[in-house]
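Asker: Before I ask anything, here is the structure I am working with.
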Amino acid sequence: MITEETPLHAPLEIGFDYTRSLGPVLAHFMTQLANRRITGIRGSDGRVHVPPVEYDPHTAEALTEFVDVSDVGTVRTWSWVSHPVEGQPIQRPFAWALITLDGADTALLHAVDVDSTEQIHTGMRVRVRWADEPVGHITDIAYFVPADAGEERGDAPTPPRPPATERAEDGTVRTVITPIQLDYTHSVSPEESRYLRALAEGRMLGQRCPECEKVYIPPRGACPTDGVPTTTEVELPDTGIVTTFCIVNVPFLGQRIQPPYVTAYILLDGADIPFLHLVLGCEADEVRMGMRVRAAWKPREEWETSLQNVSHFEPTGEPDAPYDSYAHHL
Amino acid sequence: MTKQRAAVLGTGQTHHTTKRTDVSMPGLLREAVDRAMRDARVEWSDIDAVVLGKAPDLFEGVMMPELFLADALGANGKPLLRVHTAGSVGGSTALVAASLVQSGVHRRVLTVAYEKQSESNAMWALSIAPPFSMPVGAGAGGYFAPHVRSYIRRTDAPDHIGALVAVKDRRNGALNPYAHLRQEDITFDSVRASQMLWDPIRYDETCPSSDGACAMVLGDEAAGDAVDGGAAWVHGTAMRTEPTTFAGRDQVNPQAGKDAAAALWKAAGITDPLSEIDVAELYVPFSWFEPMWLENLGFTEEGSGWKLTESGATALDGTLPVNPSGGVLCTNPIGASGMLRCAEAAKQVMGRAGDYQVDGARKAVGHAYGGGSQYFAMWLVGADKPVG
Amino acid sequence: MSNVAVVGFAQAPNVRNTQGTTNGVEMLVPTLAEAFEQTGLSKSDIGFWCSGSSDYLAGRAFSFISAVDAIGAFPPINESHVEMDAAWALYEAWVKILTGEVDTALVYGFGKSSAGTLRRVLSLQLDPYVAGPLWPDSISIAGLQARLGLESGRWTEEAMAEVAARSLADATTNDRAQRSGDAEVAELLANPVVADPLRAHDIAPVTDGASVVVLAAEERAREIVDRPAVITGFEHRIDSPSLGSRDLTDSPSTRAAAAAAGIDGVELAELHAPFTHQELILREALGLDSGVRVNPSGGALAANPMFAAGLTRIGEAAKQIIDGTAGKVLAHATSGPALQQNLVTVLEGIR
């Protein structure tokens, strides 16, 4: 029985500035925001929707009749945030509210800057605090303040402004950019953790499935054909063959290696499944199916719990493996 | 339990292009939905339920976008389902919609699939390397190119087959007013001269990155009977899945695809697909996948797919036209691509395929795959009602 | 239309933070095994598989794909996936059995809610043009809804605390619950508000978990268990996403689903209410009188594994039929901000 160690985990951050094209209704709304004006749209039942909706909630018909509304309105309900999360409009304690602007029949969701729950109530009149430099984005409404608020509270801390997009020649805002940054904790299975810890010691550690007896590297929390964790540990050499490969010539966002380079399925001697890695140490067009390769390890001081400890695989110069010996791994 | 008959009443799709910056996501969907509802001659009140499919939410940065799209889809107060089975999702979404009718639960179902790739960057989203992993991913092309190489090695296919498919599909696409790439002047030599991106896959042998949507209205037997000029009747559907990797997995000719095809032929009473099927819309994002899928689906024996392609059989005037619409090689709004295959198959048997109509098409296959060639969804539609 | 029944239910321990992966394999392997043991079935007996999960919970595209490893999905399986709570995967599987193509199905849901900051991640469910960019967290959205009811007199803080007290007390007998305990309403109300108007007890915990439900056509079901939980009503509906234009104190989609499903005479209801006031909205929309026992499992307030919690409600309700405790039960699942989308299942122990 293998002793359990805590599985490995590490931060996973994903971030992208999403570009959202708007279509005619939202483009008009955003363009108006850039001019510090708020526009709604009339629904099939006569209600004025703010923010505007492209399609009527009841009839699903496309809506077209814009209606300008006030930047002053009434709080319909609210909730309190003691600890704002990243990206929220006010980066100190604040209230979310559904606010019906004068001239509108539906409520807009936004933030209200007040210093405590004592300072806000349903029915309260609030007005827009515009961003200093509106760009045509919902955050041009920086937040709301009580309608009778003076300057004594000062500006609330706000998150970074979204990047502005190029406008059409007539000034219309056709797209908005919304950065989305998320932080996760990424974990790997206990089985893969053992393999990664072995890599940190310069060892290739696979595991055998107790049912099909195939040797998996990396080992698996569940053998994909039997649905049970792999168990028996198998030390594997750092030599093997290229089963198949591709020469990457295309650059792309997020790429970590300069093209051209060869990504290949490497089948270690004694393993029953190949993994993807790089083949260097020869010209890309010299890489062959069946070519014998050996791991080129990074200097020991750079080792961590990752297959990246192997910088790449390189040819050993031995004769190629016959096709029949690996045909069933393609 | 008795399966009810189901039929495609109408289809619709957007104009597809790299960036549909003229519309929002709701607007993009409605372009396809409105066309499908007009084609099917139905009103919102006729629709009992909506089924939406798309590929990963990270592509558009909206978690479960069907929630915010409910008004635009006329789904308010109705059942709305969201399917996600990787790249095959457009196909499996159509199949779920069909099952809602076949089960007798609903009479008319609107189904729609989309991708608005221009909201982000699919290569980025697909190549995010989680901690501890080896960052060798190079998007879908980097994933599939080694398997294309394996196919070539395994079958001794001549290396020009990929270019033949590319020329055929791009020229077909030129006949399709909705296609993203419409290249009537493309030539074998120009494809062969295009840049090698993911060797052995050349630039002109890869699909574009598209914004687009596809929609269909499916109905029960009574609704199908009422279609002017005839509905596309569902003769069979099949879905199969296998793990991404396992010891000894055949990545060139995956068992899940073979099993799905066998189930499809059985359900539809087909014993000789090559002679009985009039047209096939196969999910071919890289040109080499045409011969690979011809074998996988059982149109020809293993190792012979490229011969079928080389013979011209898959051309628009061939014995088995494959992707007369231009296929994924011309138009790839990822989540919608599978539904486009199903819809194009339906258009052929309804006689509504315009300039790329295959003469006398009575039975057509729509096919989709996804993940690491591990998710398969396909249907067979016919101009005649299925027997039994 | 013929009948389909629930014949098995298993769930992973519901915990604040598993050490497992976001693809759910570690939670699913033992849970699937438990479901197979209960039903005497094996993977080759399953005609159709369907799961529910979310890429955004895991933080990467196609995160659900490796979950099929837990099945050992070779030879290939007939399988589908919804990017929704697995209660909707169960709906898809139910439909599949009704087509007559298969007579068994296994449905699973999983979610490692702890991998990210759940309340922030969920703001990505809102309109991406006018709401999402403000990052309204899910707890604040629920707070807006709760206050509307409090100030309009639809419910009270006491009623909300009673929901919490009852749920936590019931959860003391649920060995898979994450939270449980005996607390008086007065004690709960003495605690401070944490997201005014909500107190900690009003908010479901962040939960990692998974659950599995096995379905069979009625005839087959009777071979598997003595008393299958026959599905006699299964409906779901969605409401407008626009928080500012619909009545957040009501749930028309629940009301419509229940009317179509036919819930008269249910003795017990498992309701998927991640906030105390949402149970009050649901009870009202469903028209449940005080005789109907609500959430004997403790409900989502005791454990709320995202994308599995709705399926778990159906499993818990079915269990009451299978073990002979009840004759007709209701299970509900929700999805989306402020109860936007709702599903109602009615299960009966028909002889």
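The values are calculated or read from the model by the stated rules, or taken from the named source; none is laboratory data. Everything quoted here is computed from the prediction, not taken from an experiment. Here the Cβ is made from the backbone with ideal geometry for all residues, glycine too, and neighbour counts use every protein chain on show. Each accessible area value is taken on the protein alone, full model and side chains, heavy atoms only, with ligands, DNA and RNA left out. Shrake-Rupley method; radii C 1.70, N 1.55, O 1.52, S 1.80 Å.
Asker: Please pick out the residue among B:LEU58, B:LEU52, B:LEU9, B:LEU67 that is open to solvent by less than 10 Å² (accessible area, probe 1.4 Å), among the hydrophobic types (A, V, I, L, M, F, W, C) and facing chain A (nearest Cβ under 8 Å).
Answerer: Of B:LEU58, B:LEU52, B:LEU9, B:LEU67, the one residue that is open to solvent by less than 10 Å² (accessible area, probe 1.4 Å), among the hydrophobic types (A, V, I, L, M, F, W, C) and facing chain A (nearest Cβ under 8 Å) is B:LEU58.
Asker: Which of the residues that make up the stretch C:232-254 are open to solvent by 10 Å² or more (accessible area, probe 1.4 Å) and farther than 26 Å from C:GLN145 by Cβ?
Answerer: Hit for the stretch C:232-254 is C:THR232, nothing else.
Asker: Can you tell me how many residues in the stretch B:244-281 are of a type in the set (A, V, I, L, M, F, W, C), more than 30 Å from C:ILE71 (Cα to Cα) and either within 14 Å of chain A (Cβ to nearest Cβ) or not in a helix (DSSP H, G or I) (or both)?
Answerer: So the answer is 4.
Asker: Does at least one position in the stretch A:87-108 carry a residue that is of a type in the set (Asp, Glu) and either outside any loop (DSSP other than H, G, I, E, B) or closer than 16 Å to C:ARG120 by Cα (or both)?
Answerer: Checked against the condition, which is being of a type in the set (Asp, Glu) and either outside any loop (DSSP other than H, G, I, E, B) or closer than 16 Å to C:ARG120 by Cα (or both), the stretch A:87-108 yields no hits at all.
Asker: For the stretch B:153-197, which positions are of a type in the set (Ser, Thr, Tyr) and either surrounded by 15 or more Cβ atoms within 10 Å (Cβ to Cβ) or in contact with a Ser or Thr (Cβ under 9 Å, 6 or more places away or on another chain) (or both)?
Answerer: Scanning the stretch B:153-197 gives B:THR155, B:TYR178, B:SER190, B:SER194.
Asker: While we're looking at this one, here's another question. In the stretch A:32-61, which residues are free of Cβ contacts under 8 Å to residues at least 12 places away in the same chain and part of a strand (DSSP E or B)?
Answerer: Once the filter is applied, which keeps residues that are free of Cβ contacts under 8 Å to residues at least 12 places away in the same chain and part of a strand (DSSP E or B), the stretch A:32-61 yields only A:TYR55.
Asker: Oh, and also: State all residues of the stretch A:157-166 that are surrounded by 17 or more Cβ atoms within 10 Å (Cβ to Cβ) and at pLDDT below 95; if no residue qualifies, say none.
Answerer: Scanning the stretch A:157-166 gives A:PRO162, A:THR165.
Asker: Got a number for residues in the stretch B:12-49 being surrounded by fewer than 18 Cβ atoms within 10 Å (Cβ to Cβ) and free of Cβ contacts under 8 Å to residues at least 12 places away in the same chain?
Answerer: 3
Asker: While we're here: If you take the residues in the stretch A:190-213 that are assigned to a loop (DSSP other than H, G, I, E, B) and surrounded by fewer than 24 Cβ atoms within 10 Å (Cβ to Cβ), which one is nearest to the chain's Cα centre (by Cα)?
Answerer: A:ALA200
Asker: Taking the residues in the stretch B:101-131 that are open to solvent by 10 Å² or more (accessible area, probe 1.4 Å) and under 14 Å from A:TYR18 (Cβ atoms) as candidates, determine which candidate is farthest from the other protein chains (Cβ to nearest Cβ).
Answerer: Result: B:GLN117.
Residue-wise test of (1) under 27 Å from A:ILE99 (Cα atoms); (2) more than 16 Å from the chain's Cα centre (by Cα).
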site: C:PRO205; (1), (2): no, no
site: C:VAL214; (1), (2): no, no
site: C:ILE224; (1), (2): no, yes
site: C:VAL230; (1), (2): no, yes
site: C:ASP239; (1), (2): yes, yes
site: C:SER245; (1), (2): yes, yes
site: C:ALA260; (1), (2): no, yes
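Asker: What residue, of A:ILE266, A:ILE247, A:ILE241, A:ILE273, is touching a residue at least 40 places away in the same chain (Cβ under 8 Å), within 14 Å of chain C (Cβ to nearest Cβ) and buried (at least 20 other Cβ atoms within 10 Å of the Cβ)?
Answerer: Answer to the selection: A:ILE273.
Asker: Here is a further query. Of B:LEU316, B:LEU308, which residue is part of a helix (DSSP H, G or I) and aliphatic (A, V, I, L, M)?
Answerer: After applying the criteria, what remains is B:LEU308.
Asker: Which residues, taken from the stretch A:287-302, are open to solvent by 10 Å² or more (accessible area, probe 1.4 Å) and either at pLDDT below 95 or away from chain B (no Cβ under 14 Å) (or both)?
Answerer: Matches in the stretch A:287-302: A:ARG292, A:ARG294, A:PRO299, A:ARG300, A:GLU301, A:GLU302.
Asker: May I ask you to list pairs of residues, at least six apart or on different chains, whose Cβ atoms are under 8 Å apart, with the first in the stretch C:236-248 being facing chain A (nearest Cβ under 7 Å) and under 15 Å from A:THR59 (Cβ atoms) and the second being in a loop (DSSP other than H, G, I, E, B) and of a type in the set (A, V, I, L, M, F, W, C)?
Answerer: C:SER240/B:ALA70; C:SER242/A:VAL53; C:SER245/A:VAL53; C:SER245/A:ALA107
Asker: Related question: Here's a check for you: in the stretch C:9-22, which residue that is facing another protein chain (nearest Cβ under 10 Å) and not small (Gly, Ala, Ser) is nearest to C:PHE110 (Cα to Cα)?
Answerer: C:THR22
Asker: Follow-up. Out of A:PHE245, A:PHE252, which single residue is modelled with pLDDT under 95 and closer than 21 Å to B:TYR143 by Cα?
Answerer: A:PHE252
Asker: Would you say B:VAL365 is surrounded by 24 or more Cβ atoms within 10 Å (Cβ to Cβ), assigned to a strand (DSSP E or B), away from every other protein chain (no Cβ under 14 Å) and in contact (Cβ under 8 Å) with a residue 60 or more places away in the chain?
Answerer: Taking the combined requirement at face value, the residue satisfies it.
Asker: With the requirement that a residue be within 13 Å of chain B (Cβ to nearest Cβ), open to solvent by 70 Å² or more (accessible area, probe 1.4 Å) and more than 29 Å from A:SER187 (Cα to Cα), what does the stretch A:303-324 give you?
Answerer: Once the filter is applied, which keeps residues that are within 13 Å of chain B (Cβ to nearest Cβ), open to solvent by 70 Å² or more (accessible area, probe 1.4 Å) and more than 29 Å from A:SER187 (Cα to Cα), the stretch A:303-324 yields A:PRO322, A:ASP324.
Asker: Right, another one. May I ask you to list the residues in the stretch C:179-227 that are in a loop (DSSP other than H, G, I, E, B) and under 30 Å from C:GLY40 (Cβ atoms)?
Answerer: Correct list: C:VAL225, C:ASP226, C:ARG227.
Asker: Which of the numbered conditions does A:TYR216 fail, given that it passes all the others? Conditions: (1) facing another protein chain (nearest Cβ under 9 Å); (2) open to solvent by 30 Å² or more (accessible area, probe 1.4 Å).
Answerer: So the condition that A:TYR216 fails would be (2).
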